[in-house]
Amino acid sequence: MSIEKKADKSVLSTNLPILRRLCGFTQQGVADILNINRTTYTKYESGSSEPNLDTLIKIAQIYGVSLDTLAKVRLDVDFAEKAIDQSPELSGDELKMVIMFRSMNVDKRDRFLDKLSASVNKTKK
């Protein structure tokens with residue numbers, strides 16, 4: 001394993017719990033979305049295992065970040081902790097909706113938002 005790969009792995013394992021907490025997710029919740037065991041996801045966070053490319057892409061979508069940010073940009077822990085402390089709590093249903101939305105491609109997001117808007121507008125009438 002190259003030195004650069006080890007550095008990237010360290011950045012990834014550092015960023016995963018920061019992003020998870022920032023988004024208000026549990027390890028089990030993220031593992032469920034990814035259709036993997038919680039212990040597998042825990043290994044990604046600890047750095048003892050690395051996700052494959054498809055899983056990395058899904059994780060980036062869940063957290064709403066690019067692959068570069070996920071694996072190469074060391075996030076500021078202090079900034080993230082302040083953001084976590086100041087962010088409002090989401091209900092379980094709200095978290096599910098955010099997770100599902102982030103996992104959609106752009107076309108699916110557009111269709112979802114159109115249907116949601118139509119549904120909300122019907123309810124208002």
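Every number in this text was worked out from the coordinates using simple rules, so none of it is lab data. Quick caveat: nothing in here was measured; it's all calculated off a predicted structure. FYI the Cβ positions are ideal-geometry reconstructions off the backbone, even for glycines, and counts take in every protein chain you see.
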Inset, instruction - Determine, from the Cβ-Cβ distance of ASN52 and LYS115 and an R0 of 25 Å, the FRET efficiency 1/(1 + (r/R0)^6), rounded to the nearest 0.05. - result: 0.20
Inset, instruction - Rank-order 64-71, 49-56, 105-112 by packing density, defined as the average count of other C-beta atoms within 10 Å over each peptide's residues, highest first. - result: 64-71, 49-56, 105-112
